[in-house]
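So the structure is just underneath, and the comments pick up after that.
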Amino acid sequence: GKMAQDMTEKELLKMELDQLKKEVKNERQMVSKTGKELKEYIESMAGDDPLLKGIPEDKNPFKEKGGCTIS
């Protein structure tokens, strides 16, 4: 496909229209409802989240295997 800066205004508008036609089919919900559900889900998964609780040294595939000394 062409880069956006190489497209005519008509091509850009058609692309935007195609995108809007896809988006209009999306089911919509109130943020007040989905926000609460999202918060509950995040809190329920927090115990298993490695970004929150860290990774045990013995299970971390990226830990340093050894150090180096400069003398």
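The values are calculated or read from the model by the stated rules, or taken from the named source; none is laboratory data. Owing to the predicted nature of the structure, the values given are computational and were not obtained by experimental measurement. Positions of Cβ are generated from backbone atoms using ideal geometry, with glycine treated the same way; all protein chains shown enter the neighbour counts. Just so you know, the surface numbers come from the protein's heavy atoms only, side chains and all, with ligands and any DNA or RNA stripped out. Shrake-Rupley method; radii C 1.70, N 1.55, O 1.52, S 1.80 Å.
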With a 1.4 Å probe and every protein chain kept in, tell me what percent of the accessible surface of the chain is carbon plus sulfur.
60
Listed residues Thr8, Thr69 arranged by accessible area, highest first, probe 1.4 Å
Thr69, Thr8
What angle, in degrees between 0 and 90 and rounded to the nearest 10, separates the Cα long axis of helix 9-23 from the longest principal axis of the Cα atoms of the chain?
70
When the chain is fully extended, how far beyond the present Cα-Cα distance does Glu40 get from Glu64, taking 0.36 nm per residue of separation?
5.1 nm
Around Thr34: net Lys/Arg minus Asp/Glu count, Cβ-Cβ under 13 Å:
+1
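Could you rank Leu52, Leu20 by how accessible they are, 1.4 Å probe, largest area first?
Values: Leu52 125, Leu20 95 Å².
From most exposed to least exposed: Leu52, Leu20.
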Helix-only mean residue ellipticity at 222 nm, the chain, DSSP H runs n ≥ 4 weighted -39,500 (n - 2.57), per residue, nearest 500. What is it?
-14500 deg cm²/dmol
For Cα Rg over 2.2 N^0.38 Å the list reads (1) 1.26; (2) 2.64; (3) 2.17; the calculated value is entry (3)
